[in-house]
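In what follows, a structure is listed as structure tokens, so that the remarks can point back to it.
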Amino acid sequence: MTDKEIIHELVEKILDMEHEIKTLQENRKEVLDEYKDKIDLKVFNAALKIARIKAKLAQTSDESLDEILDAVEDKICVGA
């Protein structure tokens, strides 16, 4: 295989992946649109982000997370 053929193959694979990503993003939007009248999507998206963060911090103690989060929230005036 020549370098040009390898590059063409790589470009084709990247373009295919980008198309798949775009399709998945459109599918996600459609699914969320189905639920926009049933739940508050802004709150849902925030909860989903929080759940993902907590999953990443599974090895961290809840007390440590709560303590640091409280300090950060105090500084940025969350809820004020």
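The values are calculated or read from the model by the stated rules, or taken from the named source; none is laboratory data. Quick caveat: nothing in here was measured; it's all calculated off a predicted structure. In this analysis, Cβ positions are derived from the backbone assuming ideal geometry, glycine residues included, and neighbour counts consider all displayed protein chains.
A compact table of results
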{"quantity": "Options LEU32, LEU69; residue that is at pLDDT 95 or above, out of contact with any Asp or Glu (no Cβ under 8 Å at 6 or more places or on another chain) and surrounded by 10 or more Cβ atoms within 10 Å (Cβ to Cβ)", "calculated": "LEU32"}
{"quantity": "Top-ranked residue of the stretch 52-66 - restricted to ones that are loosely packed, with under 10 Cβ neighbours inside 10 Å and in a loop (DSSP other than H, G, I, E, B), ranked as modelled with the lowest pLDDT", "calculated": "SER61"}
